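The values are calculated or read from the model by the stated rules, or taken from the named source; none is laboratory data. Computed from a predicted structure; not experimentally measured. Cβ sites come from the backbone with ideal geometry, for glycine too, and all protein chains shown count toward neighbours. Areas reflect the complete protein model, heavy atoms only, side chains present, ligands, DNA and RNA absent. Shrake-Rupley method; radii C 1.70, N 1.55, O 1.52, S 1.80 Å.
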Amino acid sequence: MNWPYQFLDLSQAEKQARRQSLDRYALYAHLSALIPIGLVWLYQTLNKSSSSRKRDYTAVPSSDSFNTRKQSNWWSKLRWWLGEDVVAFGEVLGQREQWIGGIVWAVWLLVLCVAGTGRDYMHLTKRFGIIAVSQYPMQYMLTLKSFNPVSWTLKLSHEETNRWHRVLARCTAFLLSLHTIFYYNYFIQNHILLQKLQSPVVIYGMLSFFGLNLMITTAIRPLRNRSYRVFFVTHLLIALVLPVVLWFHAASSRKYMLEALGVFLVDIGFRKRDTITVETTISAIPGTSLIKIQVPVSRQRQNHFLRVAPGAHVYVNVPPATRSAFRRKDVKAAHDASEILFEFMFNPFTIAHVDQDSGALTLVARQRAGPMTAALARFASSSSPSSPAEEKKALLNIEGPYGAAKNFPALSLGSEFDRVLFIAGGVGATFTIPLYRAIVAENPETKVEMVWAVRTAGEATWAVIENDAGDILNDPNVHIYLTGNNGSGSSGQKGGEGAGLSSGIDSGENSPLVNLGGEAGAVAVEMDALRRTADGRVVSGKEHHRSRPDLKKVVDEAFGHGPEERVAILVCGPTKMGQQVRRQVGRYVRQGREVWFHNEGFGF
C-alpha cells in the first residue's frame, strides 16, 4: 500500500477549513476525556442518598481496590484479572487494566488524529500535536491533591488517579513524538531544516519536546527510585513552565494551556488554605529508626481534623524560619543544597492518631535515605548529652488532611461484611490501626482482626495511647509478629509466603536489635521492650509471635469460617507484602467468594 499523505499546496480557504477541522477534533478529544467524568458526577448527584454514598467507592474499581458484592461471578473474576500486575524482567510495569485502558485510549486518540485529514500531510502532522495538547487539562487534573474533580467524583485516592495520569502521559508523549518526527521529516524533505531551526515557533516547540523527554526520563522507575527528589522537582518546574512555552509555540493550544495551568494554580491555592504552621514536638522512638511527630492543632482547626476519616494523611514541609535547625552541622549554609531542596520537600505522613479531646495529631515515619526523614531524624537525635531522650520542638508546615479512606465501605463493615482482616507491615500500621480502632468503636460486635509485622518490639510502642483502656498491644485480636531475629522463629519459613517480608519492611534500615547471649537473649530483649515504654510503664503483657507471618495461613483463616461469610481485607505495607496477600485472596475470588480487598501500598 502506498503512503497516502502528500505535501499539498492549499489555498487560503482550504487552510482555514483545515484550521477549523483541527480545532473541532481537538475539542472532541478534550470532551471525550471530561464527559464520562461529568456523567458519573451527574448520576451521583441525581441519586444522592446514604446508601448510594456507601457504594460510591466500589462502583468505580481501581487496581488497588476490589469488591465482589452484588456482582456476577464472571465480572468479579474479570475485574480481579484486570488488576493483576504486568511484570517484565522482574519489574512491575503497571496493572493489566492500565495497559488495556491505555491502549484503548491511544487508539481512540489516533482515530481522532487521522479522521478527516484526507491526503494532507501537514493536517495529519498538526492533528497529532493539537490532539495531544487537548489532553493536558485532564493530565494536570489527575495529579492534583486538593482540587481534583476526578478524585472527588470517582472516589479515588491521589495514588490511584496518579496511575492514570502516567497512562495518559504516555499517550500524549507518543502523539507529541509523532508530531515532532513528522514536522522534522517535512523540514528535511523540503530542505528548510536550518531555516526553520532559527524560527521562534520551532525553538519553542523544541524546548517543549526537550522538557517532555526530561520529565519522562526522570519518571523511569529506576531513576525515580534512585532520586525521587530530582523526579519531583523536575516535574514541578516543567509543569509550571510548559504551558507558557506552548502558549508561544502554537496559538491554537492556548485555551487548553490556560485550563491546565488554571486548575494547577487553583489546587495550589486550596493547598495553601489547608496548610497550618505550628510548633511540633519531634522525637525519635528509642531503639528504632522511627520518628514521632506530635502536632498540636488550634481550636479553630480542631473540627477540620476531628472530622477526618481514619487513615488520612498530611504533607509535612519545613518552613524557612526553622530550616537552620534542620541543616547539617558539618555543611555551611551557603553550600548546603538541602536549603534549596527544603522548598520542594512535601512528604506525606499518615495520621496515626487524632486526640479527640485536644485535636492533636500524631504522625509516625521511618527514617529513609531521603532528605526530609533524614533531617527529621537528625533534628530528633540532636539532644544534649545530659538529656538524651529530650523531645525537640520545631515549626513545621502541616498540609491536609487528604485520603480516600472516607469512601471505604470498611468504615461500615459491621453491617456490610461478616469478617474484617487488616494486615500491616512496619509503619503501614499508621494507616490500618486508626481504621481498626474506628470499626471496633463503632461496631464492637464486628469480627475484626489485625496482623502486624514489625522488625523490633520498639517499633510497636508508638501505637500505645496514654490513658487508653483499649490498649491495642493487649488486644487479643491484634497479632504482632517480630521479624527482627531474621524470621528464625517457630514457623521456620525460608521461602514461603512470609519470606523476604522482613527485608521489605526494613527497607535497608539497620536492625536495632541488641543480642544478649544468642537468639534467646535477643528475643528476651524484644519482648521486654514491647512490655515497657521508656518510663518503665507496662504496656503489654501478652505473648507475640517471634517470626514472620505466614500470609497464606492468615488469609486462609479469614476465609475459613464458612463460604457464606463476606470478607473484607485491607493491607498496607511493602510492595511484596501487598502482592503476596493479593495472590492469596485471588484464590477465593476465583472460587466466587464475596470479597472487598484494598491494598494501600506505600512506595513510589
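Among the candidates 92, 86, the residue that is touching a Leu at 6+ places or on another chain (Cβ under 8 Å) and within 23 Å of residue 587 (Cα to Cα) is uniquely 86. Within segment 199-208, the residues that satisfy the criterion of being part of a helix (DSSP H, G or I) and open to solvent by less than 60 Å² (accessible area, probe 1.4 Å) are 202, 205, 208. Of all residues in segment 180-198, those that are more than 13 Å from residue 121 (Cβ to Cβ) and touching a helix residue (DSSP H, G or I) at 6+ places or on another chain (Cβ under 6 Å) total 3. Among the residues of segment 148-163, the ones that are closer than 21 Å to residue 265 by Cα and either among the small types (Gly, Ala, Ser) or part of a helix (DSSP H, G or I) (or both) come to 10 in all. Residue 26 satisfies every condition listed in (1) at pLDDT 80 or above; (2) closer than 18 Å to residue 152 by Cβ; (3) open to solvent by less than 80 Å² (accessible area, probe 1.4 Å) except (2). Scanning segment 82-120 for residues that are of a type outside the set (A, V, I, L, M, F, W, C), under 27 Å from residue 187 (Cα atoms), out of contact with any strand residue (DSSP E or B) (no Cβ under 6 Å at 6 or more places or on another chain) and not in a strand (DSSP E or B) turns up 116, 117, 118.
Do you know which residues across segment 276-315 are charged (D, E, K, R) and under 23 Å from the mean Cα position of the chain (by Cα)? Correct list: 292, 307. Restricting attention to segment 1-16, the residues that are hydrophobic (A, V, I, L, M, F, W, C) and surrounded by 13 or more Cβ atoms within 10 Å (Cβ to Cβ) add up to 2.
Give segment 100-117 a look and list any residue that's open to solvent by 50 Å² or more (accessible area, probe 1.4 Å) and either under 16 Å from residue 26 (Cβ atoms) or at pLDDT below 95 (or both), or say none. Selection gives 105, 108, 110, 111, 114, 116. All of 595, 571, 567, 555 fail the test of being in contact (Cβ under 8 Å) with a residue 24 or more places away in the chain and within 20 Å of residue 460 (Cβ to Cβ), apart from 571. Filtered by the rule that a residue be open to solvent by less than 40 Å² (accessible area, probe 1.4 Å), β-branched (Val, Ile, Thr) and closer than 29 Å to residue 227 by Cα, segment 573-604 gives a lone residue, 581. Being open to solvent by 50 Å² or more (accessible area, probe 1.4 Å) and touching a Gly at 6+ places or on another chain (Cβ under 8 Å) is the requirement here; does residue 245 meet it? No, not satisfied. Applying the condition of being basic (Lys, Arg) and at pLDDT 90 or above to segment 526-572 and asking which residue is most open to solvent (accessible area, probe 1.4 Å) yields 553.
Regarding segment 129-147, can at least one residue be identified that is surrounded by fewer than 16 Cβ atoms within 10 Å (Cβ to Cβ), in contact (Cβ under 8 Å) with a residue 40 or more places away in the chain and part of a helix (DSSP H, G or I)? Scanning segment 129-147, I find no residue that is surrounded by fewer than 16 Cβ atoms within 10 Å (Cβ to Cβ), in contact (Cβ under 8 Å) with a residue 40 or more places away in the chain and part of a helix (DSSP H, G or I), so the answer is no. Taking the conditions (1) on the phi > 0 side of the Ramachandran plot; (2) out of contact with any helix residue (DSSP H, G or I) (no Cβ under 7 Å at 6 or more places or on another chain) in turn, residue 99 satisfies each one other than (1). Of all residues assigned to segment 51-59, none qualifies as being buried (at least 16 other Cβ atoms within 10 Å of the Cβ) and either farther than 27 Å from residue 403 by Cα or at pLDDT 90 or above (or both). Restricting the search to segment 281-307, which residues are closer than 25 Å to residue 380 by Cβ and hydrophobic (A, V, I, L, M, F, W, C)? Listed by number, the residues that qualify are 282, 284, 285, 290, 291, 293, 295, 297, 305.
Quick grid of which residues meet (1) at pLDDT 90 or above; (2) on the phi > 0 side of the Ramachandran plot:
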{"site": "21", "(1), (2)": "yes, no"}
{"site": "36", "(1), (2)": "no, no"}
{"site": "82", "(1), (2)": "yes, no"}
{"site": "90", "(1), (2)": "no, yes"}
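Of all the numbered requirements in (1) farther than 16 Å from residue 572 by Cα; (2) among the polar types (S, T, N, Q); (3) at pLDDT 80 or above, residue 407 misses one, and that requirement is (3). Take residue 70 and tell me if it is at pLDDT below 85 and assigned to a loop (DSSP other than H, G, I, E, B). Spelling it out, residue 70 is indeed at pLDDT below 85 and assigned to a loop (DSSP other than H, G, I, E, B). Within the set 342, 349, the sole residue that is part of a helix (DSSP H, G or I), within 26 Å of the chain's Cα centre (by Cα) and either of a type in the set (Phe, Trp, Tyr) or at pLDDT 75 or above (or both) turns out to be 342.
So for segment 436-447 (the condition being assigned to a helix (DSSP H, G or I), at pLDDT 90 or above and under 16 Å from residue 570 (Cβ atoms)), does at least one residue qualify? Yes, the conditions are met somewhere in segment 436-447. Within segment 212-234, track down each residue that is open to solvent by 80 Å² or more (accessible area, probe 1.4 Å) and not in a helix (DSSP H, G or I). Of everything in segment 212-234, just one residue is open to solvent by 80 Å² or more (accessible area, probe 1.4 Å) and not in a helix (DSSP H, G or I), namely 220.
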